[in-house]
Structure formats: structure tokens, C-alpha cells
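**Student:** Below is the structure I would like to discuss, written out as C-alpha cells.
The values are calculated or read from the model by the stated rules, or taken from the named source; none is laboratory data. Quantities reported herein were computed from a predicted structural model and do not represent experimental measurements. In this analysis, Cβ positions are derived from the backbone assuming ideal geometry, glycine residues included, and neighbour counts consider all displayed protein chains.
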Amino acid sequence: MDIQVISIFPEMFLAITEHGVIARAIKQGVLNVSLLNPRDFANDKHSTVDGRPYGGGPGMVMMPDVMASVIEAALENAQQRKQADDKLGKTKVVYLSPQGQCFTHSAAKNFAENDECDSLILLAGRYEGVDERVLQRYVDEEWSVGDYVLSGGELPAMIMIDAIARLLPSSLGNVESAEQDSFSNGLLDCPHYTRPEQFNGEPVPQVLLSGDHQAIETWRLKQSLGRTWLRRPDLLENKALTAEEIRLLDEFKLEFNGCNGSEFE
Ligand code: 4FL
């Protein structure tokens, strides 16, 4: 996958490109991350990228001519890379903003697995955002990473890159661990334990020491269902449970109510 990021703070991205899973994916050649700085496309000696908003009010808006130039440059790069490597597919321009659709694990999967579109241009805005006419003309998709306002689209862009990169075929080294992630089955993750067997007087759940792989898998699924029910009931509303899952969740609810004496359904 080829990702070009447009940002006036390109150094911020060293935080992800030099560490962990993403650094490995880049070294392995599974992922290429490059940066373009709108300032390099500005037309005055101060490298101005922002202007005061028409209609007045606080803040500044990223200028349409400068932003159009930097996006055009990224689109040309993508075109050239495609000519050099006929495996590369379509390019998508993505804008990060609180007005976008909610970025989820399943969206990350779609980006990682979509071979037709393996080239992304991520547009990270600053100030009050980018002139609307540029967004209208160039942006294919607008994504939000949560209902809060940040000081720019850089962290959201990094969040998207991280979530996508670890799902790229062969980047995780251990595909199984991606399949067992929270959300990969629409549920929260189960609890995890490591040595010692007793910590602060608390033992590890007996079943995990049993060596009975079937029983362990069933226990983990039940914990996942139970935690999702307790902490994120909204996730269960959109998920069709199997008969086995319904039975396990009912068991969890009974045990939960049994130990705190309340009358949750
Ligand atoms: C982008 C917030 C995506 C949440 C400020 C500029 C943002 C954001 N998701 N806040 N961009």
C-alpha cells in the first residue's frame, strides 16, 4: 500500500514510521509512507498556507490554490508510481475531519484488503479546515476518528495508517493475532493473563491452566460477549448472535447477576 500524507507538520509522522509494526511494514516493503508539505507549494516568500475566513469569525482556512497544488502533486506521484509498478491500483483522496464518517475496525479492514485501491492520499487539515471548494473538487471520502475536535488532522491520519498497516497481508507477522483483536468479530476482547499464577492473591482463571483448548476458546468467547454486553451494548444491537453465543451470554448474565444481586436483563 502506498500512502501519501499532506501535512504542514511532516515530522509528526516519524512517531509512527520509526516504531513497531508500521516501521516493520515499511522495511518489508508492504507499506510506503511519504509526506508532502503544503508550505512547499505556497506562492509567497512567507510560504503562506492559510487565509482569513470570508464572512468573518475566528481562525484561519487553508487556501484553495495552495491545497489544490499539493493535492495535484500527490495525484501525479501516484500516477507515476502506477506506471512504474503495474500492480498498483486506484488512488483515493481522504480528508480527516470531525464531519466525516466514523472510522472503525471494519473500515480499516476494507482499506487494507481493497486491492483495487492501494494508494491513499491523506489530507490532514489545520486551523478551521480547508477551503470547501478544494474538498468538493478532490476529496473522495471524509473520515472522522471520533467525536472530538483536535488541533489538526495529523493524529487522525496516524490513527488510520496504524489501524490499516497492521492489517496489511504479511505485515503483522502473525495474522492470527489480528483475527483475535477486539472488534474483528464485532465484540470486545476477552481478558488476558500471564505469569505468575497468583498476583496480589488473585489467581488466573482455572480454565486457562487446564490445557483444554476447546474449553478455553468457549470461556474466551463468553467473556467477550459478557464484556461487550456490560461495556458496549450498542455493539450487540448490530450483531446477529449464534444460538451458542446467546447461550453463553445468558450464562454470563446469570453469573453476573448472581454475584452482585442486581436484576440486569
Ligand atoms: C479529524 C477530529 C478526524 C476527529 C481537528 C481537525 C479531526 C480533526 N477525527 N479535528 N481534524
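**Student:** Considering segment 79-131 alone, what residues qualify as being in contact (Cβ under 8 Å) with a residue 40 or more places away in the chain, more than 9 Å from the ligand (Cβ to nearest atom) and among the basic types (Lys, Arg)?
**Tutor:** If the condition is that a residue be in contact (Cβ under 8 Å) with a residue 40 or more places away in the chain, more than 9 Å from the ligand (Cβ to nearest atom) and among the basic types (Lys, Arg), then Arg81, Lys92, Lys109 are the ones that fit.
**Student:** Would you call Gly89 under 28 Å from the mean Cα position of the chain (by Cα) and at pLDDT below 95?
**Tutor:** Yes, satisfied.
**Student:** Residue check, Pro98 against (1) within 16 Å of the chain's Cα centre (by Cα); (2) buried (at least 17 other Cβ atoms within 10 Å of the Cβ), all met but one. Which one?
**Tutor:** The number of the failed condition is (2).
**Student:** Starting from residues that are among the polar types (S, T, N, Q) and either more than 23 Å from Glu128 (Cα to Cα) or surrounded by 16 or more Cβ atoms within 10 Å (Cβ to Cβ) (or both), keep the ones in segment 1-58 and report whichever is farthest from the chain's Cα centre (by Cα).
**Tutor:** Let us first name the residues in segment 1-58 that are among the polar types (S, T, N, Q), namely 4, 7, 17, 28, 32, 34, 37, 43, 47-48.
From the residues that got through so far, the ones that are either more than 23 Å from Glu128 (Cα to Cα) or surrounded by 16 or more Cβ atoms within 10 Å (Cβ to Cβ) (or both) too are 4, 7, 17, 28, 32, 34, 37.
Numbers: Gln4: 16, Ser7: 18, Thr17: 15, Gln28: 21, Asn32: 17, Ser34: 18, Asn37: 23 Å.
Going through the qualifying residues, I end up with Asn37.
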